[in-house]
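The values are calculated or read from the model by the stated rules, or taken from the named source; none is laboratory data. Note that the coordinates shown come from a computational prediction; the quantities given were computed from them, not determined experimentally. Backbone-built Cβ (ideal geometry, glycine too); neighbour counts: all protein chains shown. To get the accessible areas, we keep the full protein, side chains included, count just its heavy atoms, and leave off ligands, DNA and RNA. Shrake-Rupley method; radii C 1.70, N 1.55, O 1.52, S 1.80 Å.
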Amino acid sequence: MHIACPHCGSTNRVPDERLTHDPSCGRCGRALLGGHPHALTDAHFERVIARTELPVVVDFWAPWCGPCRMMAPAYERAAQELQGRALLVKVDSDANPQAAARYGIRSIPTMVMFRGGQEVRRVSGALQAPQIVGWVDAA
């Protein structure tokens, strides 16, 4: 399984049986999955979604958005539950406008799931952790 590091962007090869054992990046040493959402910037966005074989779930949000702040703990719990099955990341759409513009993000929070660099599904609005996990598992 190939996973692009959400911190430095390098591609790592991780055996399937190690996906739930907190694999770390061979280049920067930081957690690849870690059971919590990683923040992505415009600089690493495309590389991470294109080079990660796990589904990548992106939460487009902004610090001023009340529903985004309400959903943040649920997204954190969902990342713990989905560890090894999906990579959950967050993109601050104000600080990283290129990614948000490229994918036509018009309202936040919006979650977009990617497989092989291609968008496969999208949902807008705040969700609870069980709804997020169910949405990911249904894909």
Among the residues listed as Gly26, Gly34, the single one being open to solvent by 10 Å² or more (accessible area, probe 1.4 Å) and either farther than 29 Å from Arg13 by Cβ or touching a residue at least 24 places away in the same chain (Cβ under 8 Å) (or both): Gly34
Of the criteria (1) open to solvent by less than 60 Å² (accessible area, probe 1.4 Å); (2) touching a helix residue (DSSP H, G or I) at 6+ places or on another chain (Cβ under 9 Å), which one Thr41 fails: (1)
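Test Ala50 against the criterion of being loosely packed, with under 15 Cβ neighbours inside 10 Å and within 20 Å of Gly117 (Cβ to Cβ), and give yes or no.
In short, yes.
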Residue list for region 91-116, filter: open to solvent by less than 20 Å² (accessible area, probe 1.4 Å) and in contact (Cβ under 8 Å) with a residue 60 or more places away in the chain: Phe114
